[in-house]
Amino acid sequence: MRGRFQWVSWKVLHSIKSPELSRSCSGYVSRVRYLMRLKEDDEACREALKSGSFLLYYNLAPLLKSNSNVYKPAFLKASDLENMLKKIGRDKHIVSESVLLGCDESGEAQFSLEVGDLDRSALERQCGGVFVDLTKAFFMLSGPEAPIVTKGQALIRWHQTNGFCSATGQPTVRNQSGSHRICHSSGITYYPKMSPVAIVLVSDGSRCLLGRQATFPPGLYSALAGFCDMGESVDEALRREVAEEAGLEVETLQYSGSQHWPFPQSSFMVACHATVNPNNTQVSIDKAELEDAHWFTFKEITEALQIKKPPRISKGEPPAFWVPPSFAIANQLIQEWANQQQLTRK
Ligand SMILES: NC(=O)C1=CN([C@@H]2O[C@H](COP(=O)(O)OP(=O)(O)OC[C@H]3O[C@@H](n4cnc5c(N)ncnc54)[C@H](O)[C@@H]3O)[C@@H](O)[C@H]2O)C=CC1
Ligand SMILES: [Mg+2]
């Protein structure tokens with residue numbers, strides 16, 4: 001099955017794990033249908049703004065609240081947001097600049113709102129929270145909460161950078177939910193955009209291949225990744241990236257999962273496992289892309305998976321080897337590989 005996906009067990013596992021499926025189907029369907037309506041119906045969305053909850057961002061840094069050192073996104077109810085804006089002397093009309101994020105368990109709409117032109121410390125005081133840069137917030141949030149925080153930031157950033165039509169140079173106008181922007185001069189509708197990225201954990205059967213870019217924090221190694229070229233399928237992109245970056249030829253591919261990734265701009269990461277022929281594992285690195293790449297043993301990987309935060313750097317000592325933390329899909333790939341190895345070693 002050279003270069004072809006095998007849609008088997010891992011994919012099934014992921015769909016079973018989906019929290020949406022464990023809820024009642026009708027509840028999920030009605031929430032999805034409600035969101036669909038809010039996206040396109042300006043009047044319905046304006047109504048939802050009156051009772052929804054809001055996640056504030058200060059220059060793209062989300063507002064987090066801690067309770068006994070457990071951090072959560074600090075969603076504010078519409079009435080609390082209004083009161084808070086009154087207290088700091090700001091007009092409540094900025095609420096209409098919010099972007100629709102989703103719908104919580106109770107069916108209430110959720111929005112994100114950039115408040116970078118307000119007084120940061122007054123906001124933090126009033127809300128009892130703190131604005132945290134997303135790169136740090138990721139380490140403070142639990143897995144299930146990170147995606148909504150990321151989505152809110154990505155949507156705000158997309159609106160900030162798509163205010164003009166690339167065909168006419170005229171301003172674009174958003175709908176109430178922020179699900180799109182239109183240039184009334186050219187008639188072009190713009191939708192929030194993501195770049196597809198293929199990410200792959202290559203195995204030779206007993207070791208896995210990880211690489212690092214010069215810009216990575218010291219000691220961090222990750223699965224190989226690369227942007228898909230125009231016209232390319234994900235499996236073509238995976239095979240090309242492994243050949244370009246590590247000089248290896250992939251034999252099999254197996255889908256693992258996907259995630260939205262906010263850095264540096266919005267990417268859509270599609271993650272796969274790959275194998276190479278164990279008799280042909282000589283790595284030759286593309287130095288323009290990677291500073292290093294090599295094979296890691298099961299023992300090395302198991303130890304690295306225990307490290308949950310960027311390790312401290314001790315002077316005069318080489319940096320400890322660590323892998324991306326659990327919010328990154330690279331971690332999922334590495335964890336799955338380690339689990340598979342454990343099974344085969346029993
Ligand atoms: N969530 C996760 O677990 C991981 C995410 N990533 C992300 O994957 C992405 C791709 O990985 P790289 O190895 O950097 O990609 P890459 O191997 O394709 O190299 C990046 C280069 O590709 C070019 N490029 C082509 N299309 C581009 C586009 N649409 N946007 C930006 N640059 C483009 C640029 O010259 C850029 O310097 C990165 O944004 C990285 O943050 C990488 C590893 C783990
Ligand atoms: Mg790359």
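Computed from the coordinates by the stated procedures, all read-outs in this text should not be read as laboratory data. The shown structure was predicted, so the numbers you read here are calculated from the model rather than taken from an experiment. Don't worry about glycine lacking a Cβ; one is built from the backbone with ideal geometry, like all the others, and counts go over all protein chains shown.
Within the listed set His273, His184, His159, the Gaussian network model of the chain (springs between alpha-carbon atoms below 10 Å) gives the highest mean-square fluctuation for His184.
Rounded to the nearest 0.05, the FRET efficiency derived from the C-beta distance between Gln335 and Phe268 at R0 = 22 Å is 0.60.
Calculated FRET efficiency, Glu251 to Asp104, Cβ-Cβ distance, R0 = 51 Å: about 0.70 to the nearest 0.05.
GNM on the chain, alpha-carbon springs under 10 angstrom: the most fluctuating residue among Arg174, Arg157, Arg33 is Arg33.
Here the contact order of the range 174-248, divided by its residue count and restricted to Cα pairs under 8 Å and six or more residues apart, works out to 23 percent.
The label point for Glu82 and the one for Ser142, both projected 7 Å from the Cα toward the Cβ, are 3.2 nm apart. Where the centroid of each part is defined by its Cα atoms, how far is the range 104-174 from the range 274-346 in Å? Result: 32 Å between the Cα centres.
Have a look at Pro144, Pro196, Pro264 and tell me which one the Gaussian network model of the chain (Cα, springs below 10 Å) gives the largest fluctuation. Result: Pro264 has the largest fluctuation of those listed.
If I model a spin label as a point 7 Å beyond the Cα along the Cα-Cβ vector, how far apart are those points for Leu305 and Glu317 in nm? Going by the 7 Å Cα→Cβ label model, 2.4 nm.
As a length-normalised measure over Cα pairs under 8 Å and 6 or more apart, the relative contact order of the range 40-158 settles at 36 percent. Overall, the range 195-345 carries a charge dipole of about 760 debye about its Cα centre when +1 sits on the Cβ of Lys and Arg and -1 on the Cβ of Asp and Glu, all other atoms neutral.
If I stretch the segment between Glu244 and Val173 completely, what's the gain in nm (0.36 nm per residue apart, minus their alpha carbon distance), one decimal? Display every interim value, and only then the final one.
On the way: separation 71, 0.36 × 71 = 25.56 nm, distance 4.14 nm.
Value of the extension gain: 21.4 nm.
Assuming a ≥ b ≥ c are the square roots of the Cα gyration tensor eigenvalues, decide whether the range 40-158 counts as rounded (a/c under 1.5), prolate (otherwise, with a/b larger than b/c) or oblate. The shape class here is oblate. Computed from the Cα positions only, the extents of the chain along the three principal axes stand at 67, 49, 45 Å, in decreasing order.
Residues whose amide H falls under 5 Å from that of Leu220, counting only those 5 or more places apart or on a different chain, are Trp322, with hydrogens built in the peptide plane.
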